[in-house]
Amino acid sequence: MKNSSYFRLAIFAIFSIIILSKPSHQADNFDIPNPKLLKAFEALQAWKHLITSDPKKITENWCGPHVCNYTGVYCAPTPNDPHNTTTVAGIDLNHGNIQGSLPEELGLLTDLALFHINSNRFYGQIPKSFSCLKQLYELDVSNNKFSGKFPTVVLSLPSLKFLDIRYNLFEGDLPSRLFDLKLDALFINNNKFSSSLPQNIGNSPVSVIVLANNNLNSCLPSSLLNMKNTLNELIITNSGLKGCLPTDIGNLDKLTVFDVSSNQLVGSLPESMGKMKKLEQLNVANNKLSGYIPPIICALPKLENFTYSGNFFCTEPETCLKLPAKDDRRNCIPYRPFQRSKEECAAFYKYPVDCAAAGAGCPRRSPPPPPPPSPPPPVHHY
């Protein structure tokens, strides 16, 4: 931190002057300054100095040592403290349209449980000092302009349960350690991540995971099925997924939302999906799926919306037509409107995909046969 020692001394001096200027009948309450609020004062003043635009004037009253009166700052008794020392427990600046960056001094807020700054214009990176926030339970920095590699500092937060970094400019690989965290919800969609899905994704105990709108360019790891006891929502739309859906994908029978639309998935829908009795929203649109749609899927008791347009399905059961909301356009289904041309469907089915032979791997469509050999050159007789 640049000139951090001088800054800290200045903060302490300001705090002391305010205390000493109190009338004697008020000074008794400030004989021993609360060290936690003194550190919070330093952290928040450092942050305020890095804010370059605050059109809603949210931080306008961030003045003086009474940080618990600052807009967006929430105080509470320190956990497991017999003296119930007041501390800063939460920060919520959501939808503030604030521009600026985050200072390393925020690591002084060691009792912080909630840090919410979504829908602002913060840029730069998440400070490394966040590793000091051992009580942090929810971290939401979504819809800002943070950039660089995945903020690995979050991997050192033992209490973290909710991580939301969506709608930023993060890029590069997803660290496999991310899926070893004991998270309940993970939102990393709408960034620029370009790595494959780590093979240990199934270690994650999340109930909701949204990875959409990145460039993951991978098959679904087989370990995904290890999440069957916790996973309720899985959304990986427009992320470069390829290969077949695992034949036992239906073992994720606690799913209510399953969206893998706008990828490069091939093969058919597994019959095992008929075991997803809690499924409400199913979206597999805009892939290269083919074959028939198992009737048991459309008969799922809670299924409300089934979108399978933009594939190469060749049949659909009557039960699908009776769903409250469905979309079967741009397939190869006879006698249904708005389907692909016969020529396009015939060209696709000329080289089918065999998911059964591929196992858990990423199959390729059968290559076209080699061209016939060239005829021998003519023999000239002299």
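Key figures for this structure:
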read-out	value
Residue among 159, 239 that alone is hydroxyl-bearing (Ser, Thr, Tyr), surrounded by 20 or more Cβ atoms within 10 Å (Cβ to Cβ), in a loop (DSSP other than H, G, I, E, B) and out of contact with any helix residue (DSSP H, G or I) (no Cβ under 8 Å at 6 or more places or on another chain)	239
Qualifying residues in the range 277-333 (those that are among the polar types (S, T, N, Q) and closer than 21 Å to residue 210 by Cβ) - the one least open to solvent (accessible area, probe 1.4 Å)	287
Condition met for residue 61 (out of contact with any strand residue (DSSP E or B) (no Cβ under 8 Å at 6 or more places or on another chain) and more than 30 Å from residue 215 (Cβ to Cβ))	yes
Single condition residue 166 does not satisfy, out of (1) crowded, with 21+ Cβ neighbours inside 10 Å; (2) without any contact (Cβ under 8 Å) to a residue 24 or more places away in the chain	(2)
Qualifying strands (runs of 3 or more DSSP E) (wholly inside the range 82-156; at least 3 residues being free of Cβ contacts under 8 Å to residues at least 40 places away in the same chain)	86-92, 121-124, 145-149
Whichever residue in the range 59-79 is within 13 Å of residue 111 (Cβ to Cβ) and part of a helix (DSSP H, G or I) and, among such residues, is least open to solvent (accessible area, probe 1.4 Å)	67
Test: residue 215 is open to solvent by 20 Å² or more (accessible area, probe 1.4 Å), within 30 Å of residue 146 (Cα to Cα) and either touching a Gly at 6+ places or on another chain (Cβ under 6 Å) or in a helix (DSSP H, G or I) (or both)	yes
Subset tally (residues that are within 15 Å of the chain's Cα centre (by Cα) and crowded, with 20+ Cβ neighbours inside 10 Å) for the range 128-139	1
Close pairs from the range 256-275: first without any contact (Cβ under 8 Å) to a residue 40 or more places away in the chain and part of a loop (DSSP other than H, G, I, E, B), partner hydroxyl-bearing (Ser, Thr, Tyr) and open to solvent by 30 Å² or more (accessible area, probe 1.4 Å), Cβ under 9 Å, at least 6 apart	269/292; 270/247
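The values are calculated or read from the model by the stated rules, or taken from the named source; none is laboratory data. Just so we're clear, the structure is a prediction, and the values are computed from it rather than from any experiment. All Cβ positions, even for glycine, are placed from backbone atoms using ideal geometry, and neighbour counts span all protein chains on display. Just the protein is used for accessible areas: all its heavy atoms, side chains included, with ligands, DNA and RNA removed. Shrake-Rupley method; radii C 1.70, N 1.55, O 1.52, S 1.80 Å.
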